[in-house]
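Participant: My questions all concern the structure below.
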Amino acid sequence: MSETLLSHLQAKWPAVTARDSLDCEAFTIPVDHLAAAAKFLRDEMKFDLLLDVTAVDWDKESPRFTVVYHLGTTTGPDYIRLAADCPDDESPTAPSLTGLWPAANWHERETYDMFGIRFNGHPDLRRILMWDDYPHYPLRKDFPLAGIETPLPDFEIGEKTGADLQPAPMAGGPFVSAGSGRSSQDEPRAKDQSWTEAKPKPN
């Protein structure tokens with residue numbers, strides 16, 4: 001751990017702490033100071049490249065959601081991880097970093113789409129993978145592995161039966177546990193495996 005980088009951060013934001021990490025330097029930053037700390041790291045410490053934005057859902061723990069940013073530098077191989085806990089409320093929030101890195105736009109939209117975290121100050125916070133009215137967040141821990149059947153709004157994607165739109169079929173789904181051991185070692189399998197069967201070669 002670079003004590004210098006940590007001390008620089010703590011000199012400005014005493015509540016910053018080091019995080020356990022196996023691959024890079026990592027810091028927990030109070031969410032209210034995330035934007036200012038990111039600007040300091042970009043301008044003063046030369047971490048000028050935004051690599052990734054994601055989040056963690058800790059499920060039953062509090063706070064439940066943590067936003068995670070990975071920053072790199074164009075002058076060397078170093079990169080760091082910033083983590084900030086979102087306030088526990090009905091709609092978790094974090095500050096948008098689009099003003100520092102335009103590339104944060106799509107990254108934050110994806111994180112919003114998958115986790116439901118709203119990025120305050122984002123210029124265009126819309127879903128990027130799911131449709132606008134989709135009521136769920138697929139990477140939350142309470143979202144089932146097999147998914148949730150939800151009518152699709154697009155006639156070209158969904159199958160129409162009478163006046164109702166049906167969800168598009170999953171190839172072989174729904175997906176279930178194979179029941180062969182611990183969940184961490186148990187790769188889900190589709191109930192219908194016929195799509196994996198070898199097809200006869202055409203003459």
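Quick note: the coordinates plus some simple rules give every number you see, no bench work behind them. All values derive from a computational prediction rather than experimental measurement. Heads up, the Cβs are rebuilt from the backbone with ideal geometry, glycines too, and the neighbour counts pull from every protein chain shown.
Participant: For region 1-80, with equal point scatterers placed on the C-alpha atoms only and solvent neglected, what are the log10 I(q)/I(0) values from the Debye formula at q = 0.11, 0.20 1/Å, to two decimals?
Facilitator: Taken in order of the listed q values, log10 I(q)/I(0) reads -0.29, -0.96.
Participant: With point charges of +1 on the Cβ of Lys and Arg and -1 on the Cβ of Asp and Glu, referenced to the Cα centre of region 1-133, which listed residue (S62, T73, A103) lies farthest in the positive direction of the dipole?
Facilitator: T73
Participant: If you wrap a convex hull around the C-alpha atoms of region 3-141 and split its volume per residue, what is the figure in Å³?
Facilitator: Considering the Cα atoms of region 3-141, their hull volume per residue is 116 Å³.
Participant: Follow-up question, since we're still on this one. Could you compute the FRET efficiency for T73 and K141, with r as their C-beta to C-beta distance and R0 at 30 Å, rounded to 0.05?
Facilitator: 0.35
Participant: Diagonalise the Cα gyration tensor of region 53-122 and give the resulting equivalent ellipsoid semi-axes, square root of 5 times each eigenvalue, largest first, whole Å.
Facilitator: Ellipsoid half-lengths, sorted descending, are 22, 14, 9 Å.
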